[in-house]
Amino acid sequence: MKYGMQLLPELHDLSPVPVYIRAHHLLTSGNGVAELKWSSSNVFSLDANGRPVYDFTITDQTFDEYKKAGVRPFVELGFMPKNLAATVPGINEYQVHYPRETMAGASNNPPKDYAMWGELIRKFVEHLVERYGREQVSTWYFEVWNEPDIGYWHGTPAQYFKLYDYAVAGVRAALPNAMVGGPASTGPNSEKAGTFLYSFLQHCQNDKSAANGTPIPLDFISFHPKGQPSFVEGHVRMGIMNELDATEAGFRIVARYPKYIHLPIILSEADPEGCAACSMKTNPANSYRNSPLYATYTAVMIKALFELQDRSKVNLAGMLSWSFEFENGGFFEGFRTLATRGVDQPILNVFRMAGLLLGERVMTSSTGQIPLDEMMKNGVRQAPDVDAMATEAAHEAAVMLWNYHDDDLPAPSAEVQVTIKGIPAEVEKVLLEHYRIDDTYSNSYTVWKRMGSPQTPTPEQYAQMKAAGRLELLSSPEWLDVSNGKVTIATSLPRQATSLMHLKW
(Lines give C-alpha, C1' and ligand atoms only; values in the text may rest on other atoms or scores of the structure.)
Protein backbone atom coordinates (compact mmCIF):
# COMPACT_ATOMS: atom_id res chain seq x y z
CA MET A 1 0.00 0.00 0.00
CA LYS A 2 1.02 3.60 -0.56
CA TYR A 3 2.54 4.54 2.78
CA GLY A 4 3.92 1.09 3.45
CA MET A 5 5.87 1.26 0.19
CA GLN A 6 7.24 4.65 1.31
CA LEU A 7 8.25 3.30 4.72
CA LEU A 8 10.11 0.16 3.61
CA PRO A 9 13.04 1.97 1.94
CA GLU A 10 13.27 4.32 4.95
CA LEU A 11 13.71 1.28 7.17
CA HIS A 12 16.41 0.00 4.85
CA ASP A 13 18.22 3.33 4.96
CA LEU A 14 18.34 3.68 8.76
CA SER A 15 20.87 0.91 9.32
CA PRO A 16 24.17 -0.24 7.78
CA VAL A 17 23.17 -3.86 8.47
CA PRO A 18 20.12 -5.64 7.01
CA VAL A 19 16.71 -4.71 8.35
CA TYR A 20 14.16 -7.53 8.61
CA ILE A 21 10.37 -7.30 8.23
CA ARG A 22 7.98 -9.74 9.93
CA ALA A 23 4.30 -10.07 8.98
CA HIS A 24 1.35 -12.11 10.20
CA HIS A 25 -1.14 -13.82 7.86
CA LEU A 26 1.23 -14.81 5.05
CA LEU A 27 -0.73 -18.06 4.59
CA THR A 28 -4.23 -16.94 5.65
CA SER A 29 -7.11 -17.34 3.17
CA GLY A 30 -8.80 -14.21 1.83
CA ASN A 31 -8.68 -11.45 -0.75
CA GLY A 32 -5.62 -9.59 0.57
CA VAL A 33 -7.60 -6.56 1.80
CA ALA A 34 -6.23 -5.50 5.17
CA GLU A 35 -8.36 -4.89 8.26
CA LEU A 36 -7.44 -4.17 11.87
CA LYS A 37 -5.55 -7.25 13.14
CA TRP A 38 -6.20 -9.18 9.93
CA SER A 39 -4.78 -9.76 6.47
CA SER A 40 -4.61 -12.61 3.96
CA SER A 41 -2.90 -13.92 0.86
CA ASN A 42 -4.94 -16.93 -0.33
CA VAL A 43 -1.90 -19.04 -1.15
CA PHE A 44 -3.70 -22.34 -0.57
CA SER A 45 -7.05 -23.88 -1.42
CA LEU A 46 -8.45 -27.27 -2.45
CA ASP A 47 -10.12 -27.98 -5.79
CA ALA A 48 -13.34 -29.94 -6.21
CA ASN A 49 -11.41 -33.19 -5.97
CA GLY A 50 -9.62 -32.20 -2.76
CA ARG A 51 -6.29 -31.53 -4.44
CA PRO A 52 -4.15 -28.57 -3.31
CA VAL A 53 -4.11 -25.38 -5.40
CA TYR A 54 -1.31 -22.87 -4.77
CA ASP A 55 -1.54 -19.19 -5.68
CA PHE A 56 1.36 -16.88 -4.74
CA THR A 57 0.06 -13.75 -6.47
CA ILE A 58 -0.42 -11.70 -3.29
CA THR A 59 2.69 -12.93 -1.46
CA ASP A 60 4.70 -12.15 -4.59
CA GLN A 61 3.52 -8.54 -4.39
CA THR A 62 4.56 -8.38 -0.74
CA PHE A 63 7.99 -9.97 -1.16
CA ASP A 64 8.66 -8.02 -4.37
CA GLU A 65 8.26 -4.80 -2.34
CA TYR A 66 10.69 -6.13 0.26
CA LYS A 67 13.20 -6.85 -2.51
CA LYS A 68 12.67 -3.45 -4.12
CA ALA A 69 13.27 -1.67 -0.80
CA GLY A 70 16.31 -3.78 0.03
CA VAL A 71 14.89 -5.18 3.28
CA ARG A 72 14.85 -8.86 4.19
CA PRO A 73 11.84 -10.98 5.12
CA PHE A 74 11.57 -12.54 8.56
CA VAL A 75 9.10 -15.14 7.34
CA GLU A 76 6.45 -16.03 9.89
CA LEU A 77 4.78 -19.25 8.73
CA GLY A 78 1.10 -18.73 9.54
CA PHE A 79 -1.79 -18.75 9.75
CA MET A 80 -3.91 -21.75 8.69
CA PRO A 81 -5.57 -21.66 5.25
CA LYS A 82 -9.34 -22.13 5.36
CA ASN A 83 -9.42 -25.42 3.46
CA LEU A 84 -6.65 -26.85 5.65
CA ALA A 85 -8.02 -25.85 9.06
CA ALA A 86 -9.18 -28.70 11.29
CA THR A 87 -12.56 -28.55 12.97
CA VAL A 88 -12.34 -27.28 16.55
CA PRO A 89 -15.45 -27.43 18.79
CA GLY A 90 -17.01 -24.03 19.34
CA ILE A 91 -15.22 -22.31 16.44
CA ASN A 92 -17.67 -21.76 13.59
CA GLU A 93 -16.14 -18.83 11.70
CA TYR A 94 -12.91 -18.61 9.74
CA GLN A 95 -12.42 -14.82 10.02
CA VAL A 96 -13.56 -12.88 13.08
CA HIS A 97 -13.68 -9.11 12.53
CA TYR A 98 -12.26 -6.51 14.93
CA PRO A 99 -13.27 -5.31 17.54
CA ARG A 100 -14.27 -8.92 18.24
CA GLU A 101 -11.38 -11.24 19.10
CA THR A 102 -9.79 -11.63 15.68
CA MET A 103 -7.75 -14.68 16.66
CA ALA A 104 -10.89 -16.56 17.68
CA GLY A 105 -11.56 -17.90 14.17
CA ALA A 106 -10.48 -21.09 12.44
CA SER A 107 -7.48 -19.30 10.89
CA ASN A 108 -5.72 -20.20 14.15
CA ASN A 109 -6.75 -23.86 14.16
CA PRO A 110 -4.33 -26.77 13.72
CA PRO A 111 -4.20 -28.38 10.27
CA LYS A 112 -6.52 -31.26 9.50
CA ASP A 113 -3.64 -32.89 7.60
CA TYR A 114 -0.10 -32.27 8.90
CA ALA A 115 1.51 -33.78 5.81
CA MET A 116 -0.48 -31.38 3.62
CA TRP A 117 0.64 -28.50 5.89
CA GLY A 118 4.27 -29.57 5.49
CA GLU A 119 3.86 -29.77 1.73
CA LEU A 120 2.33 -26.26 1.66
CA ILE A 121 5.42 -24.95 3.45
CA ARG A 122 7.70 -26.83 1.06
CA LYS A 123 5.88 -25.41 -1.97
CA PHE A 124 5.94 -21.89 -0.51
CA VAL A 125 9.68 -21.93 0.21
CA GLU A 126 10.41 -23.62 -3.11
CA HIS A 127 8.57 -20.76 -4.82
CA LEU A 128 10.53 -18.16 -2.83
CA VAL A 129 13.81 -19.80 -3.85
CA GLU A 130 12.79 -19.88 -7.50
CA ARG A 131 11.69 -16.23 -7.46
CA TYR A 132 14.39 -14.62 -5.30
CA GLY A 133 17.33 -17.01 -5.50
CA ARG A 134 18.81 -19.55 -3.13
CA GLU A 135 21.54 -17.18 -1.96
CA GLN A 136 19.09 -14.47 -0.91
CA VAL A 137 16.51 -16.73 0.73
CA SER A 138 19.30 -18.40 2.71
CA THR A 139 19.77 -15.06 4.55
CA TRP A 140 16.13 -14.98 5.70
CA TYR A 141 14.65 -16.38 8.92
CA PHE A 142 11.70 -18.79 8.94
CA GLU A 143 9.68 -18.66 12.17
CA VAL A 144 6.85 -21.12 12.79
CA TRP A 145 3.58 -19.41 13.80
CA ASN A 146 3.00 -16.62 16.31
CA GLU A 147 2.36 -16.88 20.07
CA PRO A 148 1.15 -20.49 20.08
CA ASP A 149 0.94 -20.44 23.87
CA ILE A 150 -2.16 -18.19 23.77
CA GLY A 151 -5.25 -17.79 21.59
CA TYR A 152 -3.28 -17.53 18.35
CA TRP A 153 -3.16 -21.34 18.47
CA HIS A 154 -6.29 -23.42 19.02
CA GLY A 155 -4.42 -26.61 19.79
CA THR A 156 -2.29 -28.17 22.48
CA PRO A 157 1.45 -27.59 22.92
CA ALA A 158 2.04 -31.09 21.54
CA GLN A 159 0.06 -30.18 18.42
CA TYR A 160 2.19 -27.05 17.99
CA PHE A 161 5.37 -29.10 18.29
CA LYS A 162 4.02 -31.34 15.53
CA LEU A 163 3.16 -28.27 13.45
CA TYR A 164 6.72 -27.02 13.97
CA ASP A 165 8.22 -30.38 12.94
CA TYR A 166 6.29 -30.53 9.68
CA ALA A 167 6.91 -26.85 8.91
CA VAL A 168 10.70 -26.96 9.38
CA ALA A 169 10.88 -30.24 7.47
CA GLY A 170 9.05 -28.53 4.60
CA VAL A 171 11.36 -25.50 4.72
CA ARG A 172 14.50 -27.64 4.77
CA ALA A 173 13.21 -29.87 1.96
CA ALA A 174 13.07 -26.81 -0.28
CA LEU A 175 16.16 -25.09 1.14
CA PRO A 176 18.46 -27.37 3.18
CA ASN A 177 20.47 -24.49 4.72
CA ALA A 178 17.45 -22.34 5.64
CA MET A 179 17.41 -20.75 9.12
CA VAL A 180 14.40 -22.11 11.00
CA GLY A 181 13.17 -21.49 14.52
CA GLY A 182 10.51 -20.46 17.00
CA PRO A 183 8.35 -20.71 18.99
CA ALA A 184 7.51 -16.94 19.02
CA SER A 185 5.80 -17.44 22.37
CA THR A 186 4.68 -14.67 24.73
CA GLY A 187 6.66 -13.24 27.65
CA PRO A 188 8.23 -16.19 29.53
CA ASN A 189 7.83 -14.49 32.92
CA SER A 190 4.32 -15.98 33.15
CA GLU A 191 4.25 -19.60 34.32
CA LYS A 192 2.29 -20.78 31.27
CA ALA A 193 4.52 -19.04 28.72
CA GLY A 194 7.71 -20.04 30.51
CA THR A 195 6.61 -23.67 30.61
CA PHE A 196 5.74 -23.53 26.92
CA LEU A 197 9.18 -22.20 25.93
CA TYR A 198 10.92 -24.74 28.16
CA SER A 199 8.83 -27.62 26.75
CA PHE A 200 9.52 -26.50 23.17
CA LEU A 201 13.26 -26.56 23.76
CA GLN A 202 12.91 -29.95 25.43
CA HIS A 203 11.08 -31.22 22.35
CA CYS A 204 13.72 -29.92 19.96
CA GLN A 205 16.57 -31.34 22.06
CA ASN A 206 15.17 -34.76 22.99
CA ASP A 207 12.52 -35.84 20.48
CA LYS A 208 12.58 -36.93 16.87
CA SER A 209 10.64 -35.04 14.20
CA ALA A 210 7.04 -36.12 13.76
CA ALA A 211 7.51 -35.39 10.07
CA ASN A 212 10.46 -37.64 9.26
CA GLY A 213 11.91 -39.18 12.42
CA THR A 214 15.14 -37.19 12.25
CA PRO A 215 16.61 -34.70 14.78
CA ILE A 216 14.56 -31.49 14.97
CA PRO A 217 16.25 -28.41 13.45
CA LEU A 218 16.46 -25.24 15.56
CA ASP A 219 18.65 -22.38 14.30
CA PHE A 220 17.23 -19.53 16.41
CA ILE A 221 14.93 -19.06 19.39
CA SER A 222 12.21 -16.40 19.51
CA PHE A 223 9.84 -15.06 22.16
CA HIS A 224 7.98 -11.80 22.90
CA PRO A 225 8.76 -9.65 25.97
CA LYS A 226 6.37 -6.75 26.55
CA GLY A 227 6.04 -3.85 28.95
CA GLN A 228 2.85 -2.71 30.66
CA PRO A 229 1.93 0.99 30.60
CA SER A 230 -1.02 2.37 32.52
CA PHE A 231 -2.91 5.64 32.83
CA VAL A 232 -2.49 7.01 36.36
CA GLU A 233 -3.97 10.28 37.66
CA GLY A 234 -4.22 11.77 34.20
CA HIS A 235 -0.82 10.75 32.84
CA VAL A 236 0.92 7.77 31.23
CA ARG A 237 3.07 5.55 33.44
CA MET A 238 5.26 3.08 31.58
CA GLY A 239 5.86 -0.46 32.84
CA ILE A 240 9.47 -1.02 31.81
CA MET A 241 10.10 -3.61 34.51
CA ASN A 242 7.61 -6.00 32.89
CA GLU A 243 9.53 -6.13 29.61
CA LEU A 244 12.83 -6.56 31.46
CA ASP A 245 11.41 -9.33 33.64
CA ALA A 246 10.03 -11.22 30.62
CA THR A 247 13.33 -10.95 28.78
CA GLU A 248 15.38 -12.16 31.73
CA ALA A 249 13.01 -15.10 32.25
CA GLY A 250 13.44 -16.15 28.62
CA PHE A 251 17.20 -15.81 28.75
CA ARG A 252 17.30 -17.94 31.93
CA ILE A 253 15.33 -20.71 30.23
CA VAL A 254 17.61 -20.73 27.17
CA ALA A 255 20.72 -20.68 29.37
CA ARG A 256 19.66 -24.01 30.89
CA TYR A 257 20.45 -25.72 27.58
CA PRO A 258 24.17 -26.04 26.76
CA LYS A 259 23.13 -27.17 23.28
CA TYR A 260 21.21 -23.94 22.65
CA ILE A 261 22.85 -21.27 24.81
CA HIS A 262 24.83 -19.87 21.88
CA LEU A 263 21.94 -19.96 19.38
CA PRO A 264 20.71 -16.54 18.19
CA ILE A 265 17.80 -15.26 20.26
CA ILE A 266 15.45 -12.98 18.37
CA LEU A 267 12.87 -11.04 20.33
CA SER A 268 10.44 -11.11 17.42
CA GLU A 269 8.15 -8.68 19.25
CA ALA A 270 9.85 -6.45 21.84
CA ASP A 271 7.54 -3.59 22.78
CA PRO A 272 6.27 -1.37 25.61
CA GLU A 273 2.97 -3.34 25.58
CA GLY A 274 0.97 -5.84 23.60
CA CYS A 275 -1.87 -4.44 21.51
CA ALA A 276 -0.46 -2.58 18.51
CA ALA A 277 -3.91 -2.19 16.96
CA CYS A 278 -5.46 -0.61 20.08
CA SER A 279 -5.43 3.17 19.68
CA MET A 280 -5.29 5.77 22.43
CA LYS A 281 -9.01 6.30 21.80
CA THR A 282 -9.68 2.90 23.37
CA ASN A 283 -6.71 2.94 25.74
CA PRO A 284 -5.49 6.39 26.86
CA ALA A 285 -2.18 4.92 28.06
CA ASN A 286 -1.28 4.32 24.42
CA SER A 287 -0.86 8.06 23.84
CA TYR A 288 2.83 7.47 24.65
CA ARG A 289 3.22 6.14 21.12
CA ASN A 290 3.12 9.58 19.49
CA SER A 291 5.62 11.20 21.83
CA PRO A 292 9.38 11.20 22.52
CA LEU A 293 8.63 8.95 25.52
CA TYR A 294 8.32 5.95 23.17
CA ALA A 295 11.73 6.71 21.67
CA THR A 296 13.42 7.21 25.05
CA TYR A 297 11.88 4.05 26.54
CA THR A 298 13.24 2.15 23.52
CA ALA A 299 16.74 3.60 23.97
CA VAL A 300 16.74 2.48 27.62
CA MET A 301 15.54 -0.99 26.61
CA ILE A 302 18.21 -1.45 23.92
CA LYS A 303 20.95 -1.03 26.52
CA ALA A 304 19.14 -3.07 29.17
CA LEU A 305 18.46 -5.98 26.81
CA PHE A 306 22.15 -6.25 25.98
CA GLU A 307 23.05 -6.06 29.67
CA LEU A 308 20.65 -8.93 30.36
CA GLN A 309 22.28 -10.86 27.51
CA ASP A 310 25.70 -10.30 29.06
CA ARG A 311 24.51 -11.57 32.44
CA SER A 312 22.92 -14.72 31.04
CA LYS A 313 25.73 -15.40 28.54
CA VAL A 314 23.22 -15.96 25.75
CA ASN A 315 23.31 -14.58 22.20
CA LEU A 316 20.82 -11.75 21.59
CA ALA A 317 20.81 -11.36 17.81
CA GLY A 318 17.98 -8.91 17.31
CA MET A 319 14.79 -7.27 18.53
CA LEU A 320 11.77 -6.34 16.42
CA SER A 321 9.37 -3.46 16.94
CA TRP A 322 5.90 -4.91 16.38
CA SER A 323 4.59 -1.88 14.49
CA PHE A 324 2.10 -1.40 11.69
CA GLU A 325 0.91 0.84 8.91
CA PHE A 326 -2.74 1.92 9.22
CA GLU A 327 -3.20 3.36 5.76
CA ASN A 328 -6.76 4.62 5.98
CA GLY A 329 -6.85 6.03 9.50
CA GLY A 330 -6.27 9.54 10.75
CA PHE A 331 -3.03 11.22 11.75
CA PHE A 332 -1.54 10.28 15.14
CA GLU A 333 -4.44 8.08 16.27
CA GLY A 334 -2.22 6.36 18.82
CA PHE A 335 -1.79 3.03 17.09
CA ARG A 336 1.69 1.55 17.42
CA THR A 337 3.21 2.82 14.21
CA LEU A 338 6.57 4.09 13.03
CA ALA A 339 4.90 6.55 10.68
CA THR A 340 1.41 7.96 10.34
CA ARG A 341 0.09 8.50 6.80
CA GLY A 342 3.64 8.89 5.52
CA VAL A 343 4.84 11.14 8.36
CA ASP A 344 7.62 9.63 10.47
CA GLN A 345 7.01 9.58 14.23
CA PRO A 346 9.61 10.18 16.96
CA ILE A 347 10.08 6.44 17.57
CA LEU A 348 11.52 5.96 14.08
CA ASN A 349 14.29 8.43 14.89
CA VAL A 350 15.61 6.38 17.80
CA PHE A 351 16.16 3.54 15.34
CA ARG A 352 18.01 5.99 13.09
CA MET A 353 20.16 6.86 16.10
CA ALA A 354 20.77 3.19 16.80
CA GLY A 355 21.96 2.81 13.21
CA LEU A 356 24.85 5.16 14.09
CA LEU A 357 26.01 2.94 16.96
CA LEU A 358 28.68 1.17 14.92
CA GLY A 359 31.39 -1.26 15.87
CA GLU A 360 31.70 -2.59 19.42
CA ARG A 361 29.93 -1.61 22.61
CA VAL A 362 32.18 0.13 25.12
CA MET A 363 31.74 0.71 28.83
CA THR A 364 29.72 3.68 30.05
CA SER A 365 29.11 4.96 33.55
CA SER A 366 26.75 7.65 34.78
CA THR A 367 26.09 9.29 38.14
CA GLY A 368 22.43 9.49 37.06
CA GLN A 369 22.00 5.83 36.14
CA ILE A 370 19.28 3.67 37.71
CA PRO A 371 20.97 0.27 38.20
CA LEU A 372 19.48 -2.57 36.17
CA ASP A 373 18.46 -4.56 39.25
CA GLU A 374 16.61 -1.56 40.65
CA MET A 375 14.93 -0.94 37.30
CA MET A 376 13.80 -4.57 37.14
CA LYS A 377 12.43 -4.47 40.68
CA ASN A 378 10.72 -1.08 40.78
CA GLY A 379 10.91 0.44 37.30
CA VAL A 380 11.96 4.09 37.07
CA ARG A 381 9.53 5.63 39.54
CA GLN A 382 11.72 7.83 41.78
CA ALA A 383 14.74 9.60 40.23
CA PRO A 384 15.00 9.55 36.45
CA ASP A 385 17.39 7.28 34.58
CA VAL A 386 20.01 9.57 33.04
CA ASP A 387 22.33 7.16 31.32
CA ALA A 388 24.03 6.23 28.05
CA MET A 389 25.34 3.46 25.86
CA ALA A 390 28.28 3.88 23.51
CA THR A 391 30.16 2.23 20.67
CA GLU A 392 33.55 2.55 19.02
CA ALA A 393 34.49 1.84 15.41
CA ALA A 394 37.35 2.80 13.13
CA HIS A 395 37.82 6.59 13.29
CA GLU A 396 34.53 7.20 15.08
CA ALA A 397 32.54 6.76 18.27
CA ALA A 398 28.92 7.31 19.25
CA VAL A 399 27.12 7.91 22.53
CA MET A 400 23.34 7.57 22.88
CA LEU A 401 22.10 9.19 26.09
CA TRP A 402 18.69 9.79 27.63
CA ASN A 403 16.69 11.26 30.48
CA TYR A 404 13.94 8.71 31.12
CA HIS A 405 11.19 8.30 33.70
CA ASP A 406 8.24 5.89 33.74
CA ASP A 407 5.88 8.75 34.63
CA ASP A 408 5.29 11.10 31.72
CA LEU A 409 5.10 14.33 33.71
CA PRO A 410 6.78 17.73 33.35
CA ALA A 411 10.16 17.85 35.06
CA PRO A 412 13.36 19.91 34.96
CA SER A 413 15.99 19.09 32.36
CA ALA A 414 19.13 17.24 33.39
CA GLU A 415 22.37 19.17 32.99
CA VAL A 416 24.76 16.58 31.63
CA GLN A 417 28.48 16.42 30.96
CA VAL A 418 29.61 13.65 28.64
CA THR A 419 33.29 12.74 28.64
CA ILE A 420 34.64 10.43 25.94
CA LYS A 421 38.05 8.95 26.74
CA GLY A 422 40.49 6.83 24.77
CA ILE A 423 40.60 8.85 21.55
CA PRO A 424 43.85 7.98 19.70
CA ALA A 425 46.79 10.12 20.86
CA GLU A 426 47.53 11.49 17.41
CA VAL A 427 43.98 12.92 17.02
CA GLU A 428 43.83 16.64 17.76
CA LYS A 429 40.21 17.38 16.78
CA VAL A 430 37.00 15.43 16.44
CA LEU A 431 33.85 16.34 14.51
CA LEU A 432 30.73 16.28 16.69
CA GLU A 433 27.29 15.69 15.18
CA HIS A 434 24.71 15.96 17.97
CA TYR A 435 21.23 14.62 17.18
CA ARG A 436 18.23 15.04 19.48
CA ILE A 437 14.70 13.69 19.95
CA ASP A 438 12.54 15.75 22.32
CA ASP A 439 9.46 17.98 22.22
CA THR A 440 11.20 20.33 19.79
CA TYR A 441 13.53 18.20 17.68
CA SER A 442 12.83 15.18 15.45
CA ASN A 443 9.18 15.35 16.44
CA SER A 444 6.39 15.58 13.87
CA TYR A 445 3.73 15.16 16.57
CA THR A 446 4.56 18.49 18.22
CA VAL A 447 4.43 20.25 14.85
CA TRP A 448 1.07 18.66 14.04
CA LYS A 449 -0.42 19.73 17.39
CA ARG A 450 0.93 23.26 16.92
CA MET A 451 -0.98 23.39 13.61
CA GLY A 452 -4.20 22.59 15.45
CA SER A 453 -4.09 18.81 14.85
CA PRO A 454 -5.46 18.91 11.28
CA GLN A 455 -6.77 15.66 9.82
CA THR A 456 -6.73 17.21 6.34
CA PRO A 457 -3.51 19.25 6.37
CA THR A 458 -2.67 21.54 3.48
CA PRO A 459 0.24 20.50 1.23
CA GLU A 460 2.40 23.07 3.02
CA GLN A 461 1.45 21.68 6.44
CA TYR A 462 2.07 18.13 5.30
CA ALA A 463 5.53 19.11 4.02
CA GLN A 464 6.32 20.70 7.40
CA MET A 465 5.21 17.53 9.20
CA LYS A 466 7.32 15.36 6.90
CA ALA A 467 10.38 17.52 7.52
CA ALA A 468 9.83 17.46 11.29
CA GLY A 469 9.70 13.67 11.21
CA ARG A 470 13.35 13.34 10.21
CA LEU A 471 16.23 12.96 12.65
CA GLU A 472 17.47 16.49 13.42
CA LEU A 473 20.75 17.92 14.62
CA LEU A 474 20.56 19.83 17.89
CA SER A 475 23.16 22.26 16.54
CA SER A 476 25.48 22.57 13.59
CA PRO A 477 28.33 20.04 13.42
CA GLU A 478 31.41 21.38 15.19
CA TRP A 479 35.07 20.49 15.59
CA LEU A 480 36.14 19.87 19.19
CA ASP A 481 39.68 20.00 20.55
CA VAL A 482 40.98 16.74 22.00
CA SER A 483 43.00 16.98 25.22
CA ASN A 484 44.91 13.96 26.50
CA GLY A 485 42.76 11.65 24.42
CA LYS A 486 39.43 12.93 25.63
CA VAL A 487 36.69 15.47 24.97
CA THR A 488 33.93 16.72 27.27
CA ILE A 489 30.56 17.87 25.95
CA ALA A 490 27.97 19.68 28.04
CA THR A 491 24.28 19.54 27.17
CA SER A 492 20.88 20.14 28.71
CA LEU A 493 18.76 17.00 28.34
CA PRO A 494 14.99 17.43 28.83
CA ARG A 495 12.88 14.73 30.49
CA GLN A 496 11.93 11.97 28.00
CA ALA A 497 14.60 13.14 25.56
CA THR A 498 17.26 11.13 23.72
CA SER A 499 20.52 12.40 22.20
CA LEU A 500 23.05 10.79 19.91
CA MET A 501 26.55 12.27 19.91
CA HIS A 502 28.46 11.03 16.87
CA LEU A 503 32.20 11.74 16.85
CA LYS A 504 34.41 11.28 13.78
CA TRP A 505 38.15 11.80 13.26
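Ranked by the mean number of other Cβ atoms within 10 Å per residue, highest first, peptides 175-186, 10-21 order as 175-186, 10-21. Among the listed pairs K421/K466; K68/K123; K303/K504, a Cα-Cα separation exceeding 28 Å is found for K421/K466.
Give the percent of DSSP beta bridges with both residues in the chain that are antiparallel, rounded to the nearest 5. Could the numbers behind the result be given before it?
Working: 53 of 76 bridges.
Taking every DSSP beta bridge with both residues in the chain, the antiparallel ones total about 70 percent.
Given a 1.4 angstrom probe, I'd like the percentage of the accessible area of the range 253-320 that is carbon and sulfur, rounded to a whole number. Of all accessible area on the range 253-320, carbon and sulfur atoms account for 59 percent. Here N283 and S492 are evaluated by their C-beta separation; at R0 = 30 Å the FRET efficiency comes out at 0.35.
Roll a 1.4 angstrom probe over the protein heavy atoms and tell me the percent of accessible area of the range 1-146 that is carbon or sulfur.
On the way: 3380 of 6630 Å².
The value for the range 1-146 is 51 percent carbon and sulfur by accessible area.
Within the range 13-142, antiparallel bridges make up roughly 50 percent of the DSSP beta bridges whose residues both belong there.
In this rough spin-label picture, where each label sits 7 Å from Cα along the Cβ direction, the S15-D113 distance is 3.9 nm. One Cα centroid belongs to the range 214-232, the other to the range 366-391; the line between them spans 24 Å.
When ligands, DNA and RNA are left out and all protein chains stay put, how many square angstrom of accessible area per residue does the range 79-207 have with a 1.4 Å probe? Write out the running numbers ahead of the final one.
Working: 5020 Å² over 129 residues.
Heavy-atom SASA per residue in the range 79-207 reads 39 Å².
Solvent exposure of Y445, expressed as accessible area, is near 40 Å², computed with a probe of 1.4 Å over the protein chains only.
Judged by a Cβ-Cβ distance under 4.7 Å, the unpaired cysteines of the chain are C204. Angle of helix 240-255 to the longest C-alpha principal axis of the chain, folded into 0 to 90 degrees and rounded to 10: 60°.
Put a dot 7 Å past the Cα of R361, heading toward its Cβ, do the same for D47, and the two dots end up 5.5 nm apart. Once both axes come from the Cα atoms, what is the angle between helix 292-312 and the longest principal axis of the chain, in degrees from 0 to 90, rounded to 10? Between helix and principal axis, roughly 70 degrees. Centre-to-centre separation between the Cα atoms of the range 1-24 and those of the range 47-91: 21 Å. Note on H235 and D481: their simple-model spin labels are 4.2 nm apart, each label 7 Å out from Cα toward Cβ. A 1.4 Å probe run over the protein chains yields, for the range 319-381, 41 Å² of accessible area per residue, whole-number rounding.
Sorted largest first by accessible area at a 1.4 angstrom probe radius, with every protein chain in place, the residues Y160, Y3 fall in the order Y3, Y160.
For the range 349-505, the square roots a ≥ b ≥ c of the C-alpha gyration tensor eigenvalues yield an a/c of 1.5 or more together with a/b not exceeding b/c, which makes the shape oblate. In degrees, nearest 10, range 0 to 90: what is the angle between the Cα axis of helix 191-206 and the longest Cα principal axis of the chain? Its long axis makes an angle of about 60 degrees. Taking the 1.4 Å solvent-accessible surface of the range 357-475 as the whole, the part contributed by carbon and sulfur is 52%.
The packing ranking of peptides 267-273, 80-86, highest mean first, is 267-273, 80-86, where packing means the average number of other beta carbon atoms within 10 angstrom of each residue. Given only helices, namely DSSP H runs of n ≥ 4 each adding -39500 (n - 2.57), what is the per-residue ellipticity at 222 nm of the chain, to the nearest 500 deg cm²/dmol? Rounded to the nearest 500, the figure is -9500 deg cm²/dmol.
The range 174-206 and the range 338-363 have their alpha-carbon centroids 29 Å apart.
The values are calculated or read from the model by the stated rules, or taken from the named source; none is laboratory data. Computed from a predicted structure; not experimentally measured. Using ideal geometry, Cβ is built from the backbone for each residue, glycine included, and neighbour counts are taken over all protein chains shown. The area values use the complete protein model at the heavy-atom level, side chains included, leaving out ligands, DNA and RNA. Shrake-Rupley method; radii C 1.70, N 1.55, O 1.52, S 1.80 Å.
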